[in-house]
Amino acid sequence: MTEPQERWVFGYGSLLWRPGFEFEERARATLRGYHRSFCIYSHHYRGTPENPGLVLGLNVGGECVGNAFRIAPDNWPLVKAYLDERELVTNTYIPADVEVELADGRTVIAHTYVADPTHEQFAGNLPVRTAVEIIVAAHGNIGPNLEYLENTVCHLDEMGIVDPPLHDLMDMVRREYGEINMGAGI
């Protein structure tokens, strides 16, 4: 009988700071061919069907710097089940195994969730002003949409990751709505 292979998970949004599962190793990782984007309408976590919010997805093109988490082989079934329950609430994501490059130069295959451009909740590339208006107004069952934006930008800053589109969103919110401190939720 062969030993189970190590598994990796790539996180680019709330998984950066709240993975919610046990892991053996965390490493900065770069995914090429996708970029982090507020491209999914949230009807659950950060909005409602009547007043959707926006959450991050991996949209085609560019690259995304995030975290890769190495999962113990015996723990993989539990982690996979947890991630599917968390990420596939409305099936706006497609589970995918992608190649990422770790900061130390290793290349690994990591499990992640990419935006489904054919799903009715796919928002695509919205103008910054439109995204800001949606994010400021929306609130879902785990909190304000604005909290999610702020937490993402804050944690990207702590990690030294520059993501101009997300920083532009946060800068516009601060210019138009003042300084915000929503806490450290997901």
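The values are calculated or read from the model by the stated rules, or taken from the named source; none is laboratory data. What you see is a predicted model; the values in this text were computed from it and never measured. Here Cβ is always computed from backbone atoms with ideal geometry, including for glycine, and neighbour counts include all displayed protein chains. When the accessible area is computed, the model is the full protein with side chains, heavy atoms only, and any ligands, DNA or RNA have been set aside. Shrake-Rupley method; radii C 1.70, N 1.55, O 1.52, S 1.80 Å.
Data for the structure
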{"item": "Relative contact order (%) - the chain, alpha-carbon pairs under 8 angstrom, separation at least six", "result": "26"}
{"item": "Per residue convex hull volume, Cα atoms of the stretch 66-134, in Å³", "result": "127"}
{"item": "Leading residue at positive end of dipole, the chain (Cβ point charges), from Y12, A137, T92", "result": "A137"}
{"item": "Net charge, A138 excluded, C-beta distance under 14 Å - Lys, Arg +1, Asp, Glu -1", "result": "-3"}
{"item": "Accessible area per residue in Å² at 1.4 Å probe, computed on the stretch 78-176", "result": "48"}
{"item": "The stretch 1-151, accessible surface, carbon-and-sulfur percent (1.4 angstrom probe)", "result": "51"}
{"item": "Identified option (computed semi-axes √(5λ) of the Cα gyration tensor in Å; candidates [x] 28, 18, 15; [y] 25, 19, 15; [z] 22, 18, 17)", "result": "[x]"}
{"item": "Computed magnitude of the charge dipole of the stretch 34-186 (debye, nearest 20; Cβ of K, R +1, Cβ of D, E -1)", "result": "100"}
{"item": "Estimated 222 nm signal from helices in the chain, with DSSP H stretches of n ≥ 4 weighted -39500 (n - 2.57), rounded to 500", "result": "-8500 deg cm²/dmol"}
{"item": "Summed residue charge, Cβ within 10 Å of W76's Cβ, Lys/Arg positive, Asp/Glu negative", "result": "0"}
{"item": "Positive-end residue, the stretch 45-123 charge dipole about Cα centroid, Cβ charges, pick of N67, V108, H119", "result": "N67"}
{"item": "Mean shadow area of the stretch 3-74, taken as a quarter of the surface of its Cα convex hull (nm²)", "result": "5.8"}
